There are 4 protein chains.
Amino acid sequence: MKALVYKSVGEKSFEEHAKPVILDPTDAIVRVTKTTICGTDLHILKGDLPSCTPGRILGHEGVGVVESIGAAVTAFEPGDLVLISCVSACGKCLYCRRQMYSHCTSGGWILGNTIDGTQAEFVRIPHADNSLYPIPKGADEEALVMLSDILPTGFECGVLNGKVQPGSVIAIVGAGPVGLAALLTAQFYSPAEIIMIDLDDNRLTVAKRFGATASVNSADGKALDKVMKLTDGRGVDTAIEAVGIPATFEMCQQIIAPGGTIANIGVHGKKVDLHLEKLWDRNITITTRLVDTMSTPMLLNILKSGKIDAKLLITHRFKFDDMLKAYETFANAADTKALKVIIEA
Amino acid sequence: MKALVYKSVGEKSFEEHAKPVILDPTDAIVRVTKTTICGTDLHILKGDLPSCTPGRILGHEGVGVVESIGAAVTAFEPGDLVLISCVSACGKCLYCRRQMYSHCTSGGWILGNTIDGTQAEFVRIPHADNSLYPIPKGADEEALVMLSDILPTGFECGVLNGKVQPGSVIAIVGAGPVGLAALLTAQFYSPAEIIMIDLDDNRLTVAKRFGATASVNSADGKALDKVMKLTDGRGVDTAIEAVGIPATFEMCQQIIAPGGTIANIGVHGKKVDLHLEKLWDRNITITTRLVDTMSTPMLLNILKSGKIDAKLLITHRFKFDDMLKAYETFANAADTKALKVIIEA
Amino acid sequence: MKALVYKSVGEKSFEEHAKPVILDPTDAIVRVTKTTICGTDLHILKGDLPSCTPGRILGHEGVGVVESIGAAVTAFEPGDLVLISCVSACGKCLYCRRQMYSHCTSGGWILGNTIDGTQAEFVRIPHADNSLYPIPKGADEEALVMLSDILPTGFECGVLNGKVQPGSVIAIVGAGPVGLAALLTAQFYSPAEIIMIDLDDNRLTVAKRFGATASVNSADGKALDKVMKLTDGRGVDTAIEAVGIPATFEMCQQIIAPGGTIANIGVHGKKVDLHLEKLWDRNITITTRLVDTMSTPMLLNILKSGKIDAKLLITHRFKFDDMLKAYETFANAADTKALKVIIEA
Amino acid sequence: MKALVYKSVGEKSFEEHAKPVILDPTDAIVRVTKTTICGTDLHILKGDLPSCTPGRILGHEGVGVVESIGAAVTAFEPGDLVLISCVSACGKCLYCRRQMYSHCTSGGWILGNTIDGTQAEFVRIPHADNSLYPIPKGADEEALVMLSDILPTGFECGVLNGKVQPGSVIAIVGAGPVGLAALLTAQFYSPAEIIMIDLDDNRLTVAKRFGATASVNSADGKALDKVMKLTDGRGVDTAIEAVGIPATFEMCQQIIAPGGTIANIGVHGKKVDLHLEKLWDRNITITTRLVDTMSTPMLLNILKSGKIDAKLLITHRFKFDDMLKAYETFANAADTKALKVIIEA
């Protein structure tokens, strides 16, 4: 089969690769019909994630059709149309029992990281019963690809952890795909104000279209003033960090109101300053989280009900054989204005 | 009347001072019968808190007898025996309505800070109805002095924020008075293990007597190893920071288990490093809090029920006229082994 | 001044009445500019509420202008435009501290019940600082009348207590004004399905317009079957009882899914059957609540943000002098299709 | 093998029975080393539970040694010492994902109910990985038998659902084994007062020994007065119903304070009266629950830490061959003062 393989730092290849086989009785093999590319895939290609070693097929998102199942798989049968979760969960360990699937002792985010992933014709899914989801009849498969990772990430790490509430005032720092996913799913809780902060006017325009009530371009160094003006000097109840660098985490600390919550989604490569000398008496909460995808059943319900248009995130579509072009488009988002790209078999 | 006055950086005086008078209809004047000294008072004397200016009577803890009340005070009458909360609350502003009294827009921690405090024969208490508590008949007044600040601080900032749960494993970094207050009140929730970490063997011995299940002297730089050994390599569910310096906050980040909570109590004078490069995917929570004393009614109930011996925290007793000796004893805790000192009229 | 007075069972009068005066330093006198009629007012007139005795001015909703204030009122000044809460709160008692204002030991729902109410030119508001809310500039006063009682009632008793969640399936039994208020505010949490159940096709049509995703006319005795069909045989996560009779509470017990919540809003005049022989092992929750109006600040924010059109509830408008006509219209809702009526000075 | 079999209403037999075998790859066969009898077993023998049909081996509690495992069992190996949970959980269905194992779509409480149980030499445990728990080295096996059902039932259905909090006032109606289990585990949260209510003075004496702060014999019909006296006329924050008849549920409704919670544990055979005409505005919560045993890992931790002496519940011990004598002793608890009996191989 064809697959996108991480070869070495800076090098990838779209090449022939052996088809995966069932290794454990709880495995399923899925024929991938639609997949996509994540910012994390680009990080891996830069050599930022030592856990992912050369030779690995990338990708942790997609939908597909079950090809074969191990002896202990009971929830799925060959031919079933399924959503692939970016996180594999055994359903048994102490972390899985707490729905903290991200830290499953024999799972977590392993697809396209420590085992081969979904940017291939076929993929092996461990712990299939807890890591695949049946796709309801008539569902839009493209929209569902957004449920593998980006929507649960924005929702769980940003919105749930950030305790977004009806009537509250929130800011999202970073209007890339994950920030926009937080923006879409924050609206499940009807905050009164959603302030989007970014350096790119195009992304801010997109954010307004996605439901932001205000946007702040932070390029001029005056974001703090602008946010304080928008909030009568009080700051925001929730600040969602969706970039992953010290400067954006710093901004979150500046704009947070007493009693507020900073929810970090960003993948950070270095330590940040935490201004406890100012924040120790401000009654704030800071959270970090690798997505658990425990919200997937809920997100499937809400997608079905039409409360959210997940396809807003999709800007480009490619055939599977144009995988490298898809990567090029996604990697040059500043020019191509790409958010999520769909790659279909 | 006599009072302990902050004169200038490093200088205090026990001197004659005008008696306070009712300024607002919601004020009460309380004759102080017992008070104590807080670590924060020492910080003020060092000049660490710019909000507190020379000429200020210090002290934010104590019990006393209501001397007179303003026209709008309805919950108390002259002669009532009362507990003084370190936090004044108007009961009306948006923060008070959320029980976040620490950020009351016309109150908060002002006693012995921006207005004159309790280390005096008399003290003016603003917003008396929401800032004083009736002392139940037969209650131990010395024990109640521990409810002005130190017990709610340990409980709210450490235990409640730290989400201590039955069966959980917690560590408290710092076995000073506030760490010990967290230790006492953590036991309300029956954690399975309470690991106390400090540099001072005497304090660790005290901690064992107060209910710690394990103690770790971190002087040898091997605290992390020891905690991991005690927790089968998993780390702790809750780490309570009760010191307020970068090194102890760093330790909390090292020993926290995935999904755990770091609850900061310490008053920090400088920024700390936050290792988001390691913690971004560990699903942890960090909290800060200035005590709200919203738990005071509950603590009064639990004290009355005998579930906790608050007097364990009291090591020394002084007459009011020995105020300066009390300060000397408290300031030299390493030698005197002082925890809390009672100063009585 | 003119006022609507409850004279005896079945008798009311729109008559001259002495203007209220300040009795306590925390009182305010408010000139009522807009008020409305509640189903509870009709109950009082039928003699159903012994707490309300003849001679009482009815009404517990409205907006107005502060006329005068007692010496201890600090949050308002004469001339301020204010929202009147149906619940008076001292802000000091143990219930108020828990935001359970409905059970304030010197307040609660007393307006138009145990003290004179808002269906008059002027009204005395006890505990004014905690029982009035400033009206933001430019706000729609008619919409704000819906915040005195009906919206917080639907939201707190139905939606908050019912734990409505994104993606959940809820049913509201009773499409009268309070059921519709629950319907409007349930959408703050983006449930996937909202099933409205009533006997009146007109009200069900209104409900669809207000956002219900399905409607069930229960007149044919087949509501249970219909709800089960709509929920794949599982039942609903939340059932909101908005009628107040045994039959509707019975229906809630039948349609609730394992793990679900029945939130009672209805004012019940007699006991109901609770089928513990079927429900003991179904892991369900049942709640009751008199509105606390603790959500008023949040509802003001959300109204301001335009997330909800509170005026949808208003069907008729009357001048103050047409008070009796307003009552007639509201009392004959089946014919007049009245939901809420606005009575303006 | 020998087993206790339900033969027909009122008839049981201790007889030879075929040894169970692995039916599904997720099954384990466990050699039972210690088991016990539950009040529910007596209900079954009276014919009260139609789900349990004649021919069934009873029993849903115990500890044992894994004899053999199915191909998909990964958490256990033959020879492992294990705790058997009364509830079987697949770990995959929507209910299991919410930790509501009691309603597992292919499990729940099936042991000794719809499949053969633990009062036998061997038992088949479906979904073994999620339904057995490893027994830590050195643990007291007798104490652990109390973790199969009675302690999690008292804790989850009574204490957790009842929201017992530090400083709160609770009442437990019924001082039988399950009421006493609630009493033991309620102390994890340090309530200020625990009032035990029963008709039997002996059980009330036991309750005092187990930690009750007050006891009320309700035989004289004055329980309400006594509880009100004990609570200054306020009632209790939590009322735990641990009997299962209308009279005791009625008492819970009478003694509950505004804002309180009634947590039902009792297995009810008929409907009860719910006095909504009095309770609709009291802001109370009523919960029902079949135990989920989601707290088992926590209870194992807390047992290990010695915070609770589970063996207080054990009054009698029998050899496996004396099964019928054990039943006789347990069934005549009024005379024998039996709480839980241990039956060991």
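Tell me which residues come under 5 Å, amide H to amide H, from B:Ile172 once H is placed; ignore anything under 5 positions away on its chain.
Excluding prolines and chain starts, which carry no amide H, the hits are B:Ile195, B:Met196, B:Ile197, B:Ile240.
What aspartates and glutamates could a cross-link reach from C:Lys307, if we take a straight Cα to Cα line under 15 Å and drop same-chain neighbours fewer than 8 places away?
Hits, sequence-local ones excluded: A:Glu193, C:Asp140.
Once the convex hull of the alpha carbons of the protein assembly as shown is built, what does its volume come to per residue, in cubic angstrom?
So the per-residue Cα hull volume is 174 Å³.
Going down the table (A:Lys2/A:Lys137; B:Lys208/B:Lys311; D:Lys271/D:Lys340), which pairs top 20 Å between alpha carbons?
A:Lys2/A:Lys137; D:Lys271/D:Lys340
Find the relative contact order for the range C:188-345 and round it to a whole percent, using C-alpha pairs within less than 8 Å whose residues are 6+ positions apart.
In percent, rounded to a whole number, it is 13.
Got a sec to turn the phi values of the range B:162-172 into Karplus ³J(HN,Hα) couplings, 6.51 cos²θ - 1.76 cosθ + 1.60 with θ = phi - 60°, whole Hz, x for Gly and Pro?
My calculation for the range B:162-172 gives x, 6, 5, 10, x, x, 7, 10, 10, 10, 10 Hz in order.
Using each residue's phi in the range C:256-264, evaluate 6.51 cos²θ - 1.76 cosθ + 1.60 at θ = phi - 60° and report the 3J(HN,Hα) Karplus result to the nearest Hz, with x for Gly and Pro.
Result, ordered by residue: 7, 7, x, x, x, 10, 9, 9, 8 Hz.
For A:Phe14, what residues show an amide H to amide H distance below 5 Å, using hydrogens built from the backbone and excluding near sequence neighbours?
Here A:Val5 satisfy the definition.
Take C:Asp200, D:Asp292 and sort them by solvent-accessible surface of the protein heavy atoms, 1.4 Å probe, largest at the top.
C:Asp200, D:Asp292
Could you run the Debye sum over the Cα atoms of chain D, one equal point scatterer each and no solvent, and tell me log10 of I(q)/I(0) at q = 0.06, 0.10 Å⁻¹, two decimals?
-0.21, -0.58
List every residue whose amide H lies under 5 Å from the amide H of C:Val236, counting only residues 5 or more places away in sequence or on a different chain, with H placed 1.01 Å from N in the peptide plane.
Those lying under 5 Å, H to H, from C:Val236 are C:Ile256, C:Ala257.
Take the Cα pairs of the range C:33-177, get the Kirkwood Rh, then feed it into Stokes-Einstein at 10 °C and 1.306 mPa s and tell me D in µm²/s.
97
What pairs from B:Lys7/B:Lys319; C:Lys229/C:Lys278; B:Lys34/D:Lys163; A:Lys278/B:Lys7 go past 28 Å between their alpha carbons?
B:Lys34/D:Lys163
If C:Leu151, C:Leu160, D:Leu199 are ordered by their accessible area, calculated over protein heavy atoms with a 1.4 Å probe, which sequence runs from highest to lowest?
The ordering from most to least exposed comes out as D:Leu199, C:Leu160, C:Leu151.
What does the accessible area of C:Thr105 come to, in Å² to the nearest 10, when a probe of 1.4 Å is used?
110
How high is the relative contact order of the range A:1-152, in percent, counting Cα pairs under 8 Å that sit 6 or more residues apart?
Relative contact order, the range A:1-152: 30 percent.
Scattering from the C-alpha atoms of the range C:246-306 alone, worked out with Debye: what is log10 I(q)/I(0) at q = 0.12, 0.13, 0.27 1/Å?
With one equal scatterer per Cα and no solvent, log10 I(q)/I(0) is -0.44, -0.50, -1.14.
Given points 7 Å out from each Cα along the Cα-Cβ axis, report the A:Ala71 to B:Glu141 separation in nanometres with one decimal.
If labels sit at A:Ala71 and B:Glu141, their model points lie 7.8 nm apart.
For C:Leu224, D:Leu49, what's the largest-to-smallest order of accessible area, 1.4 Å probe?
From most accessible down to least: C:Leu224, D:Leu49.
Report the extension gain between A:Leu224 and A:Ser51 in nm, rounded to one decimal, defined as 0.36 nm multiplied by the number of residues separating them, less their alpha carbon distance.
So the extension gain works out to 58.6 nm.
Grab the beta carbon distance between A:Asp201 and D:Arg317, set R0 = 56 Å, and tell me the FRET efficiency rounded to 0.05.
0.10
Output needed for the range B:104-174: three equivalent-ellipsoid semi-axes, defined as square roots of 5 times the C-alpha gyration tensor eigenvalues, in descending order, whole Å.
Semi-axis lengths for the range B:104-174 are 28, 17, 12 Å.
With +1 on each Lys and Arg Cβ and -1 on each Asp and Glu Cβ, how big is the dipole of the protein assembly as shown about its Cα centre, in debye rounded to the nearest 20?
Taking the Cα centre of the protein assembly as shown as origin, the dipole is about 0 debye.
To the nearest 10 square angstrom, what accessible area does C:Cys104 show with a 1.4 Å probe?
10
For the pair B and A, how large is the buried accessible area, both sides, in square angstrom to the nearest 100, if the probe is 1.4 Å?
For B against A, buried area totals roughly 3100 Å².
For the range A:156-171, list whatever residues lose no less than 40 Å² of accessible surface once every protein chain is in place, relative to that chain by itself, with the probe at 1.4 Å.
A:Pro166, A:Gly167
Name the aspartates and glutamates eligible as straight-distance cross-link partners of C:Lys46: C-alpha to C-alpha under 17 Å, and not fewer than 8 places from it in the same chain.
Partners found: C:Glu11, C:Glu328, D:Glu277.
Considering only protein heavy atoms and a probe of 1.4 Å, how much of the accessible area of chain C is carbon and sulfur, as a whole percent?
Roughly 52 percent, rounded to a whole number.
For C:Lys92, go through the aspartates and glutamates and keep the ones whose alpha-carbon is under 14 Å away, minus same-chain ones fewer than eight residues off.
Those aspartates and glutamates meeting the cut-off are B:Asp129, C:Asp129.
The values are calculated or read from the model by the stated rules, or taken from the named source; none is laboratory data. Worth saying up front: this structure is predicted, and the values here are computed from it rather than measured. Note: ideal-geometry Cβ built from the backbone for every residue, glycine included; neighbour counts use all protein chains shown. What goes into the accessible areas is simple: the full protein's heavy atoms, side chains included, and nothing from ligands, DNA or RNA. Shrake-Rupley method; radii C 1.70, N 1.55, O 1.52, S 1.80 Å.
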